[in-house]
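A short worksheet on the structure shown next.
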Amino acid sequence: MRRWPLLAPVVGAALAVVALQVPSSAAAATPLTVAQAIGQQAGASATVRGYVVGQPTATSTVVTSAFPSDYAIALADAPGESSTARMIYVQISAAFRADYGLRSNPDLMGDRLDVTGSLTAYFSHAGLTSPTAIAPSDGTTPPPDDGDGDYDATYYRTAIGLTGTALKSALHSIIRTGTKLNYDQVWNALKATDQDPANANNVILLYSGRSQSKTTNGGNANDWNREHVWAKSHGDFGTATGPGTDVHHLRPEDVSVNSARGNKDFDNGGSAVSEAPGSYTDADSFEPRNAVKGDVARMIFYMAVRYEGGDGFANLEMNNSVANGSAPYLGKLSVLLAWSAQDPPDAFEKRRNQVIYDQFQHNRNPFVDHPEWARAIWN
C-alpha cells in the first residue's frame, strides 16, 4: 500500500512544506466533485476530490503511462475515465512534485485525492491551479458504495432522465470505458467479487448457492470454474479479452452444474438440477434458484448494453427465443424482466458491483444501481 504524507500545504513565498493538524477552511469544506469543479471555472479557491487518471500534455491529450514530467495530473470522478471532457487538469507545483508527480510516482494512478487550489483553466482546459494542499482522500465524504443510484451526479449524469434507445446508448457510452482482464486474471477477480460474506476463505457459487473454498477452483469434479452467464457461444466470443472475460457476467460455479447449464437460454421450468437446489433445466433452457434470478437477469441486461458490436465483437441482444444457438442473442427477455422485478438487488450483488468498479474493471452494472432502467429500455 502506498504511504502518503498527511498533508503538504504551501506556506508563504518560501513554499515550505509543513504538516497541519487542523485543515484550512477551504480543505475542511465538503470537496467538489470533478464534474462540479468543471462547471465552476471562475478562479475561486476550492477543494476537488477525484481519481488520478493520467497526466495532461495538451488540451485534449492525457497520457496514462511513460509520464514525461511531474508537473500535472488529471482527476476524474471515475477511476476508469478516458474522456478528457470529464477530467480536470491539476497543476502540480514544485512543493508537491516529489509526492504527487506522476513521473516520480506512477503508482499514483487510480488513487483518490483531495486537491485545494484555484478553479482556473490549465492547458486551456478546465483546471485547478496553484495548489495549496494535496492529500489522499480522507474519507470524509466517501464515494457511495451501496449501489442505490448515488452515482447519478457523476458516473450516470449523462443517462439521467432518458428512456428507451437513448438511455441504452447513453449507458453503453458510460460502461464501455474500463479495464479489461485476461482470462487467467478472472480467477483472482472472482475470489474477491464473490467472496462469502461469512467466510473470507470461500466463494459463493451462483446457481448452487454453496460456499466453497477459493482454492478449489479448477476443472475436476466438485471444483468450481468460471461460468459465463451470457453463454460464450451466443456470439462466439469464447474467452477472448472483452466479453469472454467481463467479470460482470462471470461467476463461480460447480463444474458439473456449469456443464448442466451449458449454453442454454433462460426460462422457467424443467427438471431439478443435481447440486443446485431450486434450479431447473430442460433441453433448451435453464432456470436458476429464486435468490439469484434477478442477478442473472441484470448480468444479461448489462451484456446487451455493454457489447454493441463496435469493438470487434458481436452486437449482443436479447429476444424471446430459447433456440438461439450460436447467434448473438439470448432469451427469454420477457422472463428475464420478470425475474429482475421478482428478485431486486441484494447486499451481495451490490457489493459485487462495487468491488468490480473499485478493484478490477472500473465500470459498473447500471441495472444493479438502477434496476428500473431495464423496463425503461425494454418495455
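Below, the figures for the structure above:
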| read-out | value |
| --- | --- |
| Tail fraction, Cα-Cα pairs, segment 56-186, threshold 24 Å, whole percent | 37 |
| Estimated FRET transfer efficiency (Ala327, Thr241; beta-carbon r; R0 25 Å; 0.05) | 0.65 |
| Out-of-range pairs (alpha-carbon distance over 19 Å; input Lys264/Lys332; Lys232/Lys332; Lys191/Lys350; Lys180/Lys293; Lys293/Lys350; Lys264/Lys293) | Lys180/Lys293 |
| Added length on full extension, which subtracts the Cα-Cα distance from 0.36 nm per residue, Arg103 to Asn268 | 53.8 nm |
| Order by protection proxy (mean Cβ within 10 Å, highest first), peptides 70-80, 41-51 | 70-80, 41-51 |
| Heavy atoms of Arg351 accessible to a 1.4 Å probe, total area in Å² rounded to 10 | 100 |
| Ordering of 291-298, 338-345 by packing [mean C-beta count within 10 Å, highest first] | 291-298, 338-345 |
| Residues of segment 226-252 with amide N under 13 Å of a point placed 7 Å along Cα→Cβ from Ser82 | 242 |
| Positive-end extreme of charge dipole, the chain - chosen from Ala192, Phe313, Thr61 (charges on Cβ) | Thr61 |
| Calculated FRET value between Tyr183 and Ala121, using beta carbons and R₀ = 25 Å, to 0.05 | 0.05 |
| Approximate spin-label separation Asp152-Ala58, in nm, with each point projected 7 Å along Cα-to-Cβ | 3.9 |
| Most to least accessible of Met109, Met87 (protein chains only, probe 1.4 Å) | Met109, Met87 |
| Pair-distance profile P(r), taking every C-alpha pair of segment 280-379, with 10 angstrom steps and integer % | 15, 45, 34, 6 |
| Ranked by how many other beta carbons lie within 10 Å on average, peptides 220-229, 180-189 from highest | 220-229, 180-189 |
| FRET E, pair Ile160, Asp346, Förster distance 30 Å, beta-carbon r, rounded to 0.05 | 0.80 |
| Apportionment of accessible area to carbon and sulfur, the chain, percent (1.4 Å) | 51 |
| Length added when fully stretched, Ala221-Ala198, from 0.36 nm per residue minus Cα-Cα | 5.8 nm |
| Kirkwood Rh in Å, taken over all unlike Cα pairs in segment 173-228 | 12.4 |
| Dipole magnitude of the chain about its Cα centre (Cβ charges: Lys, Arg +1; Asp, Glu -1), debye to nearest 20 | 640 |
| For the chain, accessible area per residue (1.4 Å probe, heavy atoms of protein chains only), Å² | 41 |
| Cα coordinate range in the chain, projected on the principal axes (Å, largest first) | 78, 42, 34 |
| Nonlocal amide H pairs with Gln361, under 5 Å, H built at 1.01 Å | none |
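The values are calculated or read from the model by the stated rules, or taken from the named source; none is laboratory data. Fair warning: this is a prediction, and the values are worked out from it, not measured in the lab. As a convention, Cβ positions derive from the backbone with ideal geometry for all residues, glycine included, and neighbour counts pool all protein chains shown. Accessible surface is based on the protein model in full, side chains and every heavy atom, while ligands, DNA and RNA are left aside. Shrake-Rupley method; radii C 1.70, N 1.55, O 1.52, S 1.80 Å.
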